[in-house]
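Please treat every number below as a calculation from the coordinates, not as lab data. Remember, it's a predicted structure, so these values are computed and weren't measured experimentally. Here the Cβ is made from the backbone with ideal geometry for all residues, glycine too, and neighbour counts use every protein chain on show.
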Ligand SMILES: [Cu+2]
């Protein structure tokens, strides 16, 4: 009896152990299945986010240096652009423009998507000051060319990146830009861009300049209301 008891006790203990083991195994299995499904979910997400990144890269224009140089040169008169230094500013996430070609005439043409420009020395100083939001001292007349027009800017806020209800968003036609050593010269012109004639952009800021449309076919337009 004692043996039997002992046996059955042992048996019971074994059964208990087995049950514990089974329960433990079941729990282990559940945990493993859960982990596996979580892993599958994660791996299911990985390719799609990779895909999104690839898509984004595809959307950004992949230009050769020759295309960037052609873009930059299209902003100015051929005789000026031909001998100008070319700077790459197609990658707006990269704050530092990269030189693509050295020039000989003191002009710099910038490869900017949808708004290339060719700038003389005074305008280059202007560009540096504007980009670094620093003071600017104009020491002579400055001429800049944007013969392809631009993709839009606020007429009042030099750092606006999109149209708002009251920032006078202007998409300019092909134009020449003028800087005066004496900024009071700008007072002779209106700030109204709708007449088709020259107007002052960013009046009252250190970066105020004259915009002179050179294309009669396209008047300056405004993409926001009024
Ligand atoms: Cu301009």
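A few points about this structure:
- Global geometry of the range 106-226, whether rounded, prolate or oblate, following the gyration tensor of its Cα atoms and the 1.5 cut on a/c: rounded
- Taking packing as the residue-averaged number of other Cβ atoms within 10 angstrom, the listed peptides 142-148, 107-113, 165-171 run from highest to lowest as 107-113, 142-148, 165-171.
- Here the calculated FRET efficiency for residue 151 and residue 105, from their Cβ-Cβ distance with R0 = 22 Å, stands at 0.25, rounded to the nearest 0.05.
- Length gained when the stretch residue 83-residue 135 is fully extended (0.36 nm per residue, less Cα-Cα span): 15.8 nm
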